[in-house]
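The values are calculated or read from the model by the stated rules, or taken from the named source; none is laboratory data. Keep in mind the model is a prediction, meaning the values are calculated, not measured. A quick note on method: Cβ atoms are made from the backbone with ideal geometry, for glycine too, and the neighbour counts reach across all protein chains shown. With ligands, DNA and RNA removed, areas are computed over all heavy atoms of the protein, side chains included. Shrake-Rupley method; radii C 1.70, N 1.55, O 1.52, S 1.80 Å.
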Amino acid sequence: MLLTLKQTCQLGILLSIHRQRSKIDQILIHQQIELLEVLTGFETNNKYEIKNSFGQRVYFAAEDTDCCTRNCCGPSRPFTLRIIDNMGREVITLERPLRCNSCCCPCCLQEIEIQAPPGVPVGYVIQTWHPCLPKFTIQNEKREDVLKISGPCVVCSCCGDVDFEIKSLDEQCVVGKISKHWTGILREAFTDADNFGIQFPLDLDVKMKAVMIGACFLIDFMFFESTGSQEQKSGVW
(Lines give C-alpha, C1' and ligand atoms only; values in the text may rest on other atoms or scores of the structure.)
Protein backbone atom coordinates (compact mmCIF):
# COMPACT_ATOMS: atom_id res chain seq x y z
CA MET A 1 0.00 0.00 0.00
CA LEU A 2 1.54 3.31 -1.09
CA LEU A 3 1.49 6.26 1.29
CA THR A 4 0.42 9.68 0.12
CA LEU A 5 2.79 12.62 0.51
CA LYS A 6 0.73 13.95 3.42
CA GLN A 7 0.81 10.59 5.18
CA THR A 8 4.56 10.32 4.65
CA CYS A 9 5.08 13.79 6.16
CA GLN A 10 2.91 12.93 9.16
CA LEU A 11 4.85 9.70 9.68
CA GLY A 12 8.11 11.61 9.59
CA ILE A 13 6.81 14.09 12.16
CA LEU A 14 5.59 11.29 14.43
CA LEU A 15 9.01 9.61 14.31
CA SER A 16 10.69 12.94 15.07
CA ILE A 17 8.40 13.52 18.04
CA HIS A 18 9.07 10.02 19.36
CA ARG A 19 12.85 10.37 19.07
CA GLN A 20 12.88 13.78 20.75
CA ARG A 21 10.72 12.90 23.75
CA SER A 22 11.04 9.17 24.39
CA LYS A 23 14.43 9.51 26.14
CA ILE A 24 13.79 12.58 28.29
CA ASP A 25 12.29 13.04 31.73
CA GLN A 26 12.68 16.81 32.01
CA ILE A 27 11.81 19.75 29.76
CA LEU A 28 12.72 23.40 30.21
CA ILE A 29 10.55 26.15 28.71
CA HIS A 30 11.99 29.67 28.50
CA GLN A 31 9.80 32.53 27.33
CA GLN A 32 11.58 35.14 25.25
CA ILE A 33 11.54 38.78 26.36
CA GLU A 34 9.73 41.02 23.87
CA LEU A 35 11.28 44.52 23.95
CA LEU A 36 8.19 46.20 22.45
CA GLU A 37 6.01 44.68 25.16
CA VAL A 38 8.39 45.78 27.93
CA LEU A 39 8.60 49.39 26.68
CA THR A 40 4.99 50.00 25.68
CA GLY A 41 2.87 47.39 27.47
CA PHE A 42 1.48 46.42 24.05
CA GLU A 43 0.85 42.68 24.13
CA THR A 44 2.72 40.73 21.44
CA ASN A 45 2.61 37.06 20.49
CA ASN A 46 4.47 34.97 23.05
CA LYS A 47 7.53 33.02 21.93
CA TYR A 48 9.32 30.25 23.81
CA GLU A 49 12.36 28.02 23.56
CA ILE A 50 11.82 24.42 24.67
CA LYS A 51 15.01 22.73 25.85
CA ASN A 52 16.14 19.37 27.21
CA SER A 53 17.82 18.93 30.59
CA PHE A 54 21.20 19.80 29.01
CA GLY A 55 19.94 23.20 27.89
CA GLN A 56 19.86 22.19 24.21
CA ARG A 57 16.95 23.63 22.23
CA VAL A 58 14.72 20.90 20.83
CA TYR A 59 11.64 22.97 19.91
CA PHE A 60 10.56 26.55 19.36
CA ALA A 61 7.02 27.62 20.27
CA ALA A 62 5.17 30.66 18.92
CA GLU A 63 1.70 31.97 19.70
CA ASP A 64 -0.53 32.69 16.70
CA THR A 65 -3.19 35.16 17.87
CA ASP A 66 -4.46 38.37 16.32
CA CYS A 67 -3.71 41.78 17.88
CA CYS A 68 -7.29 42.50 18.95
CA THR A 69 -7.67 39.19 20.79
CA ARG A 70 -4.33 39.57 22.60
CA ASN A 71 -4.97 43.07 23.88
CA CYS A 72 -8.72 42.83 24.56
CA CYS A 73 -8.93 39.38 26.16
CA GLY A 74 -5.57 39.52 27.93
CA PRO A 75 -4.40 36.35 29.71
CA SER A 76 -7.81 34.72 29.22
CA ARG A 77 -7.52 34.89 25.43
CA PRO A 78 -8.06 31.89 23.18
CA PHE A 79 -4.94 31.03 21.21
CA THR A 80 -3.22 28.66 18.84
CA LEU A 81 0.35 27.87 19.79
CA ARG A 82 2.57 26.17 17.24
CA ILE A 83 5.59 24.11 18.30
CA ILE A 84 8.30 23.70 15.67
CA ASP A 85 11.32 21.37 15.71
CA ASN A 86 14.87 22.32 14.73
CA MET A 87 14.13 21.30 11.13
CA GLY A 88 11.40 23.93 10.90
CA ARG A 89 8.52 21.43 10.94
CA GLU A 90 5.41 22.04 13.03
CA VAL A 91 5.21 18.96 15.25
CA ILE A 92 2.71 20.00 17.94
CA THR A 93 -0.25 22.38 17.90
CA LEU A 94 -2.00 23.65 21.02
CA GLU A 95 -5.56 25.00 20.79
CA ARG A 96 -7.06 26.92 23.69
CA PRO A 97 -10.71 27.99 23.30
CA LEU A 98 -12.24 30.99 25.02
CA ARG A 99 -13.42 29.95 28.48
CA CYS A 100 -14.37 31.48 31.82
CA ASN A 101 -11.43 32.34 34.11
CA SER A 102 -13.28 32.26 37.43
CA CYS A 103 -14.19 29.37 39.71
CA CYS A 104 -17.57 31.08 40.22
CA CYS A 105 -18.64 29.65 36.86
CA PRO A 106 -17.71 25.95 37.04
CA CYS A 107 -19.61 25.00 33.89
CA CYS A 108 -17.18 26.65 31.47
CA LEU A 109 -13.67 26.25 32.86
CA GLN A 110 -10.32 26.36 31.07
CA GLU A 111 -9.06 23.65 28.74
CA ILE A 112 -6.49 23.10 26.02
CA GLU A 113 -6.25 20.54 23.21
CA ILE A 114 -2.90 19.06 22.20
CA GLN A 115 -2.38 17.84 18.63
CA ALA A 116 0.71 15.87 17.60
CA PRO A 117 1.17 16.02 14.68
CA PRO A 118 -1.07 19.03 13.91
CA GLY A 119 -4.66 17.95 13.28
CA VAL A 120 -4.32 14.74 15.31
CA PRO A 121 -5.51 15.19 18.94
CA VAL A 122 -3.44 13.21 21.45
CA GLY A 123 -4.82 14.63 24.69
CA TYR A 124 -6.52 17.38 26.64
CA VAL A 125 -5.93 19.37 29.81
CA ILE A 126 -9.19 20.23 31.57
CA GLN A 127 -9.48 22.54 34.56
CA THR A 128 -11.25 20.82 37.46
CA TRP A 129 -13.53 22.93 39.64
CA HIS A 130 -12.23 23.60 43.15
CA PRO A 131 -13.03 26.59 45.40
CA CYS A 132 -9.43 27.14 46.54
CA LEU A 133 -6.87 25.14 44.57
CA PRO A 134 -5.90 25.17 40.90
CA LYS A 135 -6.63 21.64 39.70
CA PHE A 136 -6.51 20.02 36.27
CA THR A 137 -7.24 16.64 34.73
CA ILE A 138 -5.01 15.17 32.02
CA GLN A 139 -6.96 13.20 29.42
CA ASN A 140 -5.87 11.04 26.48
CA GLU A 141 -7.15 11.33 22.91
CA LYS A 142 -10.33 9.43 23.89
CA ARG A 143 -10.98 11.94 26.69
CA GLU A 144 -10.26 9.29 29.31
CA ASP A 145 -8.73 10.59 32.55
CA VAL A 146 -5.05 9.66 32.92
CA LEU A 147 -3.42 11.97 35.49
CA LYS A 148 -4.19 14.91 37.76
CA ILE A 149 -2.40 18.21 38.36
CA SER A 150 -2.70 20.15 41.61
CA GLY A 151 -1.23 23.57 42.41
CA PRO A 152 -0.84 25.68 45.55
CA CYS A 153 -3.65 27.76 47.01
CA VAL A 154 -1.70 30.99 46.47
CA VAL A 155 0.17 31.04 43.17
CA CYS A 156 2.86 33.59 44.01
CA SER A 157 6.41 33.39 42.67
CA CYS A 158 7.96 35.85 45.13
CA CYS A 159 11.62 34.79 45.53
CA GLY A 160 10.89 31.10 44.92
CA ASP A 161 9.59 28.48 42.53
CA VAL A 162 5.90 27.58 42.25
CA ASP A 163 5.21 23.86 41.87
CA PHE A 164 2.18 22.19 40.30
CA GLU A 165 2.32 18.50 41.19
CA ILE A 166 1.48 15.82 38.63
CA LYS A 167 -0.35 13.03 40.42
CA SER A 168 -1.98 9.68 39.83
CA LEU A 169 -5.75 9.62 39.31
CA ASP A 170 -6.40 8.94 43.01
CA GLU A 171 -3.97 11.81 43.85
CA GLN A 172 -2.07 9.54 46.25
CA CYS A 173 1.15 9.36 44.25
CA VAL A 174 3.20 12.28 42.86
CA VAL A 175 4.79 11.28 39.55
CA GLY A 176 6.19 14.64 38.44
CA LYS A 177 5.75 18.39 38.56
CA ILE A 178 5.46 21.56 36.52
CA SER A 179 7.49 24.35 38.13
CA LYS A 180 7.43 28.05 37.45
CA HIS A 181 11.01 29.11 38.17
CA TRP A 182 11.94 32.34 39.94
CA THR A 183 13.90 34.44 37.42
CA GLY A 184 15.04 37.37 39.56
CA ILE A 185 13.47 40.55 40.88
CA LEU A 186 14.03 42.70 37.77
CA ARG A 187 12.71 40.20 35.25
CA GLU A 188 9.74 39.31 37.45
CA ALA A 189 8.87 42.98 38.05
CA PHE A 190 9.20 44.37 34.53
CA THR A 191 8.36 41.49 32.21
CA ASP A 192 6.00 38.51 32.02
CA ALA A 193 8.66 36.33 30.38
CA ASP A 194 8.60 33.21 32.54
CA ASN A 195 10.75 30.10 32.82
CA PHE A 196 9.24 26.68 33.51
CA GLY A 197 10.49 23.19 34.15
CA ILE A 198 8.53 19.98 33.59
CA GLN A 199 9.53 16.70 35.23
CA PHE A 200 7.82 13.40 34.45
CA PRO A 201 8.66 9.66 34.45
CA LEU A 202 11.10 8.60 31.74
CA ASP A 203 8.74 5.82 30.64
CA LEU A 204 5.67 8.08 30.39
CA ASP A 205 3.95 7.71 27.02
CA VAL A 206 5.30 10.25 24.52
CA LYS A 207 1.77 11.48 23.83
CA MET A 208 1.33 12.31 27.51
CA LYS A 209 4.68 14.12 27.50
CA ALA A 210 3.29 16.34 24.74
CA VAL A 211 0.15 16.89 26.82
CA MET A 212 2.33 17.96 29.77
CA ILE A 213 3.84 20.66 27.56
CA GLY A 214 0.31 21.85 26.80
CA ALA A 215 -0.52 21.86 30.52
CA CYS A 216 2.51 24.04 31.19
CA PHE A 217 1.43 26.65 28.64
CA LEU A 218 -2.13 26.68 30.00
CA ILE A 219 -0.79 27.25 33.53
CA ASP A 220 1.46 30.04 32.26
CA PHE A 221 -1.42 31.93 30.66
CA MET A 222 -3.82 31.36 33.55
CA PHE A 223 -1.57 32.38 36.43
CA PHE A 224 1.58 34.17 35.22
CA GLU A 225 0.66 36.07 32.06
CA SER A 226 -0.07 39.80 32.16
CA THR A 227 -1.29 42.46 29.73
CA GLY A 228 0.04 45.94 30.27
CA SER A 229 -0.33 46.79 33.96
CA GLN A 230 -3.06 44.21 34.55
CA GLU A 231 -1.57 41.01 35.88
CA GLN A 232 -3.38 37.71 36.14
CA LYS A 233 -4.22 37.19 39.80
CA SER A 234 -2.98 34.22 41.79
CA GLY A 235 -5.18 31.30 42.76
CA VAL A 236 -8.22 30.15 40.89
CA TRP A 237 -10.07 33.47 40.87
Could you pull out the residue among Ile185, Ile198 that is modelled with pLDDT under 90, out of contact with any Phe, Trp or Tyr (no Cβ under 7 Å at 6 or more places or on another chain) and of a type in the set (A, V, I, L, M)?
-> Ile185
Check the range 157-167 and report whether any residue there is touching a residue at least 12 places away in the same chain (Cβ under 8 Å), aliphatic (A, V, I, L, M), in a strand (DSSP E or B) and under 13 Å from Met208 (Cα atoms).
-> yes
In this structure, does Lys207 turn out to be basic (Lys, Arg), more than 19 Å from Leu109 (Cβ to Cβ), at pLDDT 95 or above and open to solvent by 50 Å² or more (accessible area, probe 1.4 Å)?
-> no
Scanning the range 49-72 residue by residue, those open to solvent by less than 50 Å² (accessible area, probe 1.4 Å), in contact (Cβ under 8 Å) with a residue 60 or more places away in the chain and not in a strand (DSSP E or B) turn out to be Arg70
Specify which of the listed residues (Ile114, Ile83) is under 21 Å from Ile149 (Cα atoms), under 18 Å from the mean Cα position of the chain (by Cα) and part of a strand (DSSP E or B).
-> Ile114
Of the residues in the range 117-126 that are open to solvent by less than 40 Å² (accessible area, probe 1.4 Å) and modelled with pLDDT of 95 or more, the one that is farthest from Gly151 (Cα to Cα) is Val122
For the range 127-147, enumerate the residues that are over 21 Å from Ile92 (Cβ atoms) and open to solvent by 40 Å² or more (accessible area, probe 1.4 Å).
-> Thr128, Trp129, His130, Pro131, Cys132, Leu133, Asp145
Those residues of the range 210-234 which are at pLDDT below 80, under 24 Å from Gln127 (Cβ atoms) and either out of contact with any Gly (no Cβ under 9 Å at 6 or more places or on another chain) or surrounded by fewer than 15 Cβ atoms within 10 Å (Cβ to Cβ) (or both), in sequence order | Gln230, Glu231, Lys233, Ser234
